[in-house]
Number of protein chains: 2
Amino acid sequence: MGTKYTGNASEVRALDAYIKLMRAAESVTTRVSRSLQPYDLTVSQFGILETLMHLGQQHQNDLGEKLLKSSGNITLVVDNLEKRGLIVREKCLEDRRYVWVKLTSDGDKFIRDLFPKMVTIITESMIVLSPFELEKLGEYSKQVGQNAQKQCAKAS
Amino acid sequence: MGTKYTGNASEVRALDAYIKLMRAAESVTTRVSRSLQPYDLTVSQFGILETLMHLGQQHQNDLGEKLLKSSGNITLVVDNLEKRGLIVREKCLEDRRYVWVKLTSDGDKFIRDLFPKMVTIITESMIVLSPFELEKLGEYSKQVGQNAQKQCAKAS
DNA sequence: TTTTATTAAATTGATATTTAACTAACAAAT
DNA sequence: ATTTGTTAGTTAAATATCAATTTAATAAAA
């Protein structure tokens, strides 16, 4: 939606901010994605590994909620990470509907090495803004995100 | 990346803003996607129709650049819109490497009717912010987006 | 002119993503 | 305890997405 829209003023403002927000997110995601390529990792795979590293073993359900992805999607991405030996699935004994997903020792080493590199990449993209501006960008984004989510709960 | 990262201060700020930016974009996209569902339209399909409505016929190449998508992706999405009779391809006579993509009269009617509805949806998500805040969100997003793109040109 | 290089689009192979079934396991309630 | 409902995960079908390759057409250079 790269074109000027001639509706009422508040729609024009909302649409303009929306377009810029989306482009920023897409551009940074592309940058991250390219940086993960040498490691044969997708952004989604990285997200799961990073979550497991910081929060420890998780149910697939929790991963889906934290990463805003559908359950079917988590199943597939976990499949691919498991094939590669970076994570393992383990039946939950207390409630056998659940599956624990945990890092293997290979996976743990891998993500602990990779994560700081990605932080650097992301910082390079964001650092054009001052600390104050970063703070405000985060604050405004959070409000928009929460509002949009309120209007539309994710499928599971 | 929903977890606190304990690197240096500027990395923490950058990462925090990044996470909120990404979540906002994902949440609004989900909202838009759900709203397009009754019309059997994806966000990408909507993007192409909207671009054609506002800018007139385009080469596939131009669509890819404007929408930040790969050429292979544009080929597929244009395929699906063409099957549905909303757009047509037309060989460019001056330079036969190019293909013109244009709205059919059905497609034109369709997108002219749909676009204002989507503007309303988007506005509903963004309007939690004041005019000033929307302005700033757009400005900061634009800077981040441009910076990220400078660091990483999209594939074509 | 013939070769070389570039560009647009299509194709292929792999992963992602969602929705909509579907199965399995647990919980509640009469 | 059986039915009823809910929840976690899987599977299938459709679309999306990219990178890499290929094909066709144009441009540049020798």
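The values are calculated or read from the model by the stated rules, or taken from the named source; none is laboratory data. Model, not experiment: these values are computed from the prediction. Glycine gets a Cβ as well: all are built from the backbone with ideal geometry, and neighbour counts include every protein chain shown. For the accessible areas, the whole protein counts, side chains as well, though only heavy atoms, and no ligand, DNA or RNA atoms are used. Shrake-Rupley method; radii C 1.70, N 1.55, O 1.52, S 1.80 Å.
Would it be correct to say that A:Val12 is in a helix (DSSP H, G or I), open to solvent by 50 Å² or more (accessible area, probe 1.4 Å) and hydrophobic (A, V, I, L, M, F, W, C)? Against the criterion (in a helix (DSSP H, G or I), open to solvent by 50 Å² or more (accessible area, probe 1.4 Å) and hydrophobic (A, V, I, L, M, F, W, C)), A:Val12 qualifies. Taking B:Arg23 as the residue in question, decide whether it is under 14 Å from the mean Cα position of the chain (by Cα) and within 8 Å of another protein chain (Cβ to nearest Cβ). It is false that B:Arg23 is under 14 Å from the mean Cα position of the chain (by Cα) and within 8 Å of another protein chain (Cβ to nearest Cβ). For the stretch B:30-46, a residue qualifies if it is of a type outside the set (Lys, Arg) and facing chain A (nearest Cβ under 7 Å), and exactly one does: B:Thr30.
Condition check: within 9 Å of another protein chain (Cβ to nearest Cβ) and modelled with pLDDT under 95. Does B:Tyr5 satisfy that? Show your work before the answer.
Numbers: within 9 Å of another protein chain (Cβ to nearest Cβ): yes; modelled with pLDDT under 95: yes.
Answer is yes for this residue.
For the stretch B:45-56, indicate whether the set of residues that are within 12 Å of DNA strand C (Cβ to nearest atom) and surrounded by fewer than 17 Cβ atoms within 10 Å (Cβ to Cβ) is non-empty. Within the stretch B:45-56, not a single residue is within 12 Å of DNA strand C (Cβ to nearest atom) and surrounded by fewer than 17 Cβ atoms within 10 Å (Cβ to Cβ). Considering the stretch A:88-132, and only residues there that are open to solvent by 40 Å² or more (accessible area, probe 1.4 Å), within 16 Å of DNA strand D (Cβ to nearest atom) and part of a loop (DSSP other than H, G, I, E, B), the residue that is nearest to A:Glu26 (Cα to Cα) turns out to be A:Tyr98.
Residue under question is B:Glu139, and the condition is that it be open to solvent by 50 Å² or more (accessible area, probe 1.4 Å), assigned to a helix (DSSP H, G or I), within 13 Å of another protein chain (Cβ to nearest Cβ) and within 11 Å of DNA strand C (Cβ to nearest atom); does it hold? Spelling it out, it is not the case that B:Glu139 is open to solvent by 50 Å² or more (accessible area, probe 1.4 Å), assigned to a helix (DSSP H, G or I), within 13 Å of another protein chain (Cβ to nearest Cβ) and within 11 Å of DNA strand C (Cβ to nearest atom). Residues in the stretch B:102-136 that are acidic (Asp, Glu) and more than 8 Å from every other protein chain (Cβ to nearest Cβ): B:Asp106, B:Asp108, B:Asp113. Here B:Val43 does not fit the description of being touching a residue at least 24 places away in the same chain (Cβ under 8 Å) and farther than 20 Å from B:Ala148 by Cα.
Scanning the stretch A:41-68 for residues that are within 11 Å of DNA strand D (Cβ to nearest atom) and not in a helix (DSSP H, G or I) yields A:Thr42, A:Gln57, A:Gln58, A:His59.
Applying the criterion of being within 11 Å of chain B (Cβ to nearest Cβ) and within 12 Å of DNA strand C (Cβ to nearest atom) to the residues of the stretch A:64-87, the residue that is surrounded by the fewest Cβ atoms within 10 Å (Cβ to Cβ) is A:Ser70.
Filtering the stretch B:146-153 for residues that are within 21 Å of B:Arg23 (Cα to Cα), open to solvent by 10 Å² or more (accessible area, probe 1.4 Å), more than 7 Å from chain A (Cβ to nearest Cβ) and outside any loop (DSSP other than H, G, I, E, B) leaves a non-empty set.
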